[in-house]
1. I'm trying to understand the selection: among the residues of region 133-157, which are farther than 24 Å from V15 by Cα and surrounded by 11 or more Cβ atoms within 10 Å (Cβ to Cβ)?
2. Can you tell me which residue within region 146-172, out of those that are in contact with a Ser or Thr (Cβ under 9 Å, 6 or more places away or on another chain) and part of a strand (DSSP E or B), is farthest from D109 (Cα to Cα)?
3. Find all pairs meeting these conditions: Cβ atoms under 9 angstrom apart; at least six residues apart or on different chains; first residue within region 82-102 and in contact (Cβ under 8 Å) with a residue 40 or more places away in the chain and in a helix (DSSP H, G or I); second residue small (G, A, S) and surrounded by 16 or more Cβ atoms within 10 Å (Cβ to Cβ).
4. Every residue in region 103-124 that is outside any helix (DSSP H, G or I), touching a Leu at 6+ places or on another chain (Cβ under 8 Å) and of a type in the set (G, A, S), please.
5. Suppose we keep only residues that are charged (D, E, K, R) and surrounded by 15 or more Cβ atoms within 10 Å (Cβ to Cβ) within region 30-57. Which one would you say is modelled with the lowest pLDDT?
Amino acid sequence: MRLRPAVEADYPSIVALSNQAYRGRGEGESWNVEDMIAGERLSEALLREDLAAAPQAQLMIWRDDADDHLGHVWLEPKGDGAWYLGLLAVRPDRQDQKLGRGLLAAAEDHARSQGATRMRMTVVAQRESLIAWYERRGYARTGETAPWPYHDPRPGVPTRPDLYFVVLERRL
């Protein structure tokens with residue numbers, strides 16, 4: 001499997017997979033769907049905005065030998081050896097094949113090869129099973145939190161008033 005920088009032609013499949021993995025409902029639903037947030041997780045316009053606002057970021061796509069889009073991840077250097085990992089998504093219909101672990105390891109290796117010494121991320125605090133999944137892979141809660149952007153409907157509309165993010169970090 002190959003992890004490579006995404007190109008514009010990849011954006012539609014990145015948007016579709018992000019929405020399926022984070023917010024998809026019904027048959028083939030992801031084990032970690034964000035059921036406390038309504039609406040799409042990502043649009044092509046939002047993806048383009050995010051990329052323009054973070055010129056150092058690397059949106060990486062993961063493909064198999066048949067060139068099927070298996071997953072993707074956002075990697076962004078933040079200084080002092082820290083990189084931010086976000087938008088990690090794999091095909092829900094293939095999650096039983098440990099693709100998430102593989103993509104996470106490939107993303108960490110890629111960042112490490114570019115000087116990263118630690119990886120950071122934010123996860124919605126109420127997504128305990130996802131946080132536990134990252135903790136089993138060596139990530140730890142830093143004690144830092146960040147508010148949910150209730151004023152901004154772009155990442156979706158929360159269905160409850162108590163959402164916020166926890167910050168996880170792992171030394172590479």
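1. Once the filter is applied, which keeps residues that are farther than 24 Å from V15 by Cα and surrounded by 11 or more Cβ atoms within 10 Å (Cβ to Cβ), region 133-157 yields E135, R137, G138, Y139, A140, R141, T142, E144, T145, A146.
2. Within region 146-172, the subset in contact with a Ser or Thr (Cβ under 9 Å, 6 or more places away or on another chain) is 146, 154, 164-169, 171-172.
Filter again for part of a strand (DSSP E or B), leaving 146, 164-169, 171.
On the way: A146: 27, Y164: 29, F165: 25, V166: 23, V167: 20, L168: 18, E169: 15, R171: 12 Å.
The selected residue is Y164.
3. Within 9 Å, the pairs are P92/A21; P92/G24; P92/S30; Q95/A21; Q95/S30; G102/G71.
4. Step one: of region 103-124, the residues outside any helix (DSSP H, G or I) are 114-124.
Filter once more, so that each one left must be touching a Leu at 6+ places or on another chain (Cβ under 8 Å): 116-124.
Hit for region 103-124 is A116, nothing else.
5. Applying the first criterion (charged (D, E, K, R)) to region 30-57 yields 34-35, 40-41, 44, 48-50.
Okay, now just the ones that are also surrounded by 15 or more Cβ atoms within 10 Å (Cβ to Cβ), so 34, 40-41, 50.
On the way: E34: 75, E40: 91, R41: 91, D50: 96.
Selected residue: E34.
The values are calculated or read from the model by the stated rules, or taken from the named source; none is laboratory data. Nothing here was measured: the structure is a model prediction, and the numbers come from that model. Note: ideal-geometry Cβ built from the backbone for every residue, glycine included; neighbour counts use all protein chains shown.
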